[in-house]
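Trainee: One structure, pasted below without further comment.
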2 protein chains.
Amino acid sequence: MDNSSQIMEHILTKNIPSPSPITYSFLAPNARGVADATAILQRHQGAYVNQNDTSKGGDGKPMMELAVFAAATESFSQKNLNCDIATSLERFKDVIQGAKQAGIRARAYISVVLGCPFEGYNVNPHKVAEIATSLLEMGADEISLGDTTGMGTALRTQELLRCMTAAGIQNEDIAMHFHDTYGQALVNTAVSLERGIRTFDSSVGGLGGCPYSPGATGNVSTENMVYFLESLGMNTGIDLDAMADIGQWITGELEKPNDSVVGKAVLGARKAAANTST
Amino acid sequence: MDNSSQIMEHILTKNIPSPSPITYSFLAPNARGVADATAILQRHQGAYVNQNDTSKGGDGKPMMELAVFAAATESFSQKNLNCDIATSLERFKDVIQGAKQAGIRARAYISVVLGCPFEGYNVNPHKVAEIATSLLEMGADEISLGDTTGMGTALRTQELLRCMTAAGIQNEDIAMHFHDTYGQALVNTAVSLERGIRTFDSSVGGLGGCPYSPGATGNVSTENMVYFLESLGMNTGIDLDAMADIGQWITGELEKPNDSVVGKAVLGARKAAANTST
């Protein structure tokens, strides 16, 4: 698979047609990541939407953002980033501030917010709110709260979001990132919607996963998420039929199972309708 | 696979150990089905719990119930039962009254209550409440509302249950039977819980399905349902670990995929823990 720099370069040069701007998230764990990203962007000035550009003219141009990944527990931080949470936040400060200077959006993920492979359900929601506050103060544009292990439940999702609000964090600055490992992703999405969250991460075909959860399914699939949100009367702007096709195609290319029940049901229903009409 | 009579005979003669009484649901589409069931039960008097038996001494003995399947739409009734809804209800009257006379519990299913393969989302919740009322008046002990196609959404589940209440049907007389075809089973369960429903059908390993939905997954898995209810602080009385083992075993025996994400995650986590400790 290509690395982040190659993918970013591809997006900037290939002029991929899209009805709405695509945002590419460039993983930048440290200051060097920022330097790599800004160097590529400088080579392709004008090919993307600069966040500092007040004219906002970006038809057909992609958006770029730098992403950092903090962790909600010390054990996960140590295993994943080889440092404690405080040290990781120091590093991310350079990344976020570098991104802002370059006019690039900065998105900060916090992993294992509702369950940790090492510390179990024992994740402190106040600690999550504290980390989120630090990242926002550094200049992060958005915090994505990652239920990396899929151990989040309705009540604990509610409690986490209550702590975020109590810490003064606005719903507009929060995205929820659910994994469907235990089938709770849409239930937790419902709870988040009720609390006013409107940004949700998902993955076509349910691709991805968590190396700490063998045999487990990955991110909640985009197809399931779109179906659910539309069923509630919300407008996602996404064509579910086309998304189901993409899910089937990309999981095939990657030789992975299509983990979206909605994707499979949509394709199955289409097939059945075709058989009936012929 | 054995037919209903053989399975019923097996349960009555083999004295299957169980911490709580198992209820076997005997599908009786017409008066002949009742005659078959009562003949078997007469041969094994005392091996099961008779509903009319006021002493209620049934330790280790299974419960028996007769099941009828009505449909919420005329098209599904015609295709599935070869008759219109009114005619099917006439037949079920004999079954339910026969069951009551024999001291057997009667459970009435209504299929396609939230979506029909032939009439789409266009299922009238008032019609469902009307059919349910008729079945309860005949003497049915419980109505299981079947979302056979998995097309149920949160809002339409809510609306259906509102209609049931408006028709004077008590929550205690209702069970919800969700399929996870579009991943909405637990969301719809949450909505039903909020409205006071406490009985939910499920299937270990997500076995089953709907012949009208090719490629689609089946009933919501027991493992997912138990995990969800327990996560809300409810006590299901079911050992999730043991249920995950059963799901893995029976799907293997039937050479079907284990369709329970919770089952797979529980087994995966156990494996990971075993690898760490050795």
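Read-outs: derived from the displayed coordinates by stated rules, not from any lab. Because the structure is a prediction, the values reported are computed rather than measured. Glycine also receives a Cβ, built like all others from the backbone with ideal geometry; neighbour counts cover every protein chain displayed.
Trainee: I'd like the Karplus ³J(HN,Hα) series for the range B:229-245: coefficients 6.51, -1.76, 1.60, θ = phi - 60°, whole numbers in Hz, and an x wherever there's a Gly or Pro.
Mentor: Calculated HN-Hα couplings, in order: 5, 5, 5, 8, x, 8, 9, 8, x, 10, 7, 4, 4, 5, 5, 4, 5 Hz.
Trainee: Moving on. Obtain the nm distance between the two label points defined at B:Leu27 and B:Glu255 by a simple spin-label model: each point lies 7 Å from its Cα along the Cα-to-C-beta direction.
Mentor: According to this spin-label approximation, the distance is 2.2 nm.
Trainee: Among B:Ala154, B:Val34, B:Met164, whose Cα sits farthest toward the positive end of the charge dipole of chain B (+1 at Cβ of Lys/Arg, -1 at Cβ of Asp/Glu, about the Cα centre)?
Mentor: So the residue furthest toward the plus end is B:Val34.
Trainee: Now for a separate question. Where does the protein assembly as shown land on Rg(C-alpha)/(2.2 N^0.38 Å)? Mind showing how you got there, number by number?
Mentor: Values: Rg = 26.8 Å, N = 556, 2.2 N^0.38 = 24.3 Å.
Ratio of Rg to 2.2 N^0.38 Å for the protein assembly as shown: 1.10.
Trainee: Run the label-point distances for B:Ser20 please: 7 Å along Cα to Cβ, every other copy, nanometres, shortest first.
Mentor: Label-point distances to the other copies, shortest first: 4.6 nm.
Trainee: Show log10 I(q)/I(0) for the range B:1-158 at q = 0.11 Å⁻¹, two decimals, from a solvent-free Debye sum over equal Cα scatterers.
Mentor: Result of the Debye calculation: -0.48.
Trainee: OK, next. In nm, to one decimal, how far is the modelled label at B:Thr276 from the one at A:Ala167, with both set 7 Å along Cα→Cβ?
Mentor: So the two model labels end up 2.4 nm from each other.
Trainee: Label-to-label distances across copies for B:Asn3, with labels 7 Å out along Cα→Cβ, in nm, shortest first?
Mentor: 6.8
Trainee: I'd like the Karplus ³J(HN,Hα) series for the range A:141-150: coefficients 6.51, -1.76, 1.60, θ = phi - 60°, whole numbers in Hz, and an x wherever there's a Gly or Pro.
Mentor: These are the phi-based 3J(HN,Hα) values: 7, 7, 10, 9, 8, x, 8, 3, 8, x Hz.
Trainee: Next question, about the same structure. What is the set of long-range amide H partners of A:Tyr109 at a cut-off below 5 Å, with H atoms built 1.01 Å from backbone N?
Mentor: A:Val68, A:Phe69, A:Ala70, A:Ser144
Trainee: Right, here's the next one. When a footprinting reagent is the concern and you count Cβ atoms within 10 Å, what order do B:Ser111, B:Ser231 take, fewest first?
Mentor: Going from sparsest to densest Cβ surroundings: B:Ser231, B:Ser111.
Trainee: Run the helix sum for the protein assembly as shown: -39,500 (n - 2.57) per DSSP H stretch of 4+ residues, divided by residue count, reported at 222 nm to the nearest 500 deg cm²/dmol. Mind showing how you got there, number by number?
Mentor: Working: 20 runs with 254 residues, N = 556.
Value at 222 nm, helices only, nearest 500: -14500 deg cm²/dmol.
Trainee: Sorted from fewest to most neighbouring beta carbons within 10 Å, what does the list A:Tyr182, A:Tyr227 look like?
Mentor: Fewest to most other Cβ atoms nearby, the residues stand as A:Tyr227, A:Tyr182.
Trainee: Tell me the Kirkwood hydrodynamic radius of chain B in angstroms, computed as one over the mean inverse distance between distinct C-alpha pairs.
Mentor: Final number for the Kirkwood radius of chain B is 19.8 Å.
Trainee: Something else: If eta is 1.002 mPa s and T is 20 °C, what Stokes-Einstein diffusion coefficient results for the range A:223-278, Kirkwood Rh from Cα pairs, in µm²/s?
Mentor: Approximately 178 µm²/s, per Stokes-Einstein.
Trainee: For the range A:4-201, what's the relative contact order in percent, using C-alpha pairs closer than 8 Å and at least 6 residues apart?
Mentor: Relative contact order comes out at 16 percent.
Trainee: For the range B:4-201: lysine pairs with Cα atoms under 20 Å, gap of 8 or more or different chains, count?
Mentor: 5
Trainee: Let's test the formula: R0 of 41 Å, r as the Cβ-Cβ distance of A:Leu193 and B:Gln101. What FRET efficiency results, to the nearest 0.05?
Mentor: Taking R0 as 41 Å, the efficiency between A:Leu193 and B:Gln101 is 0.25.
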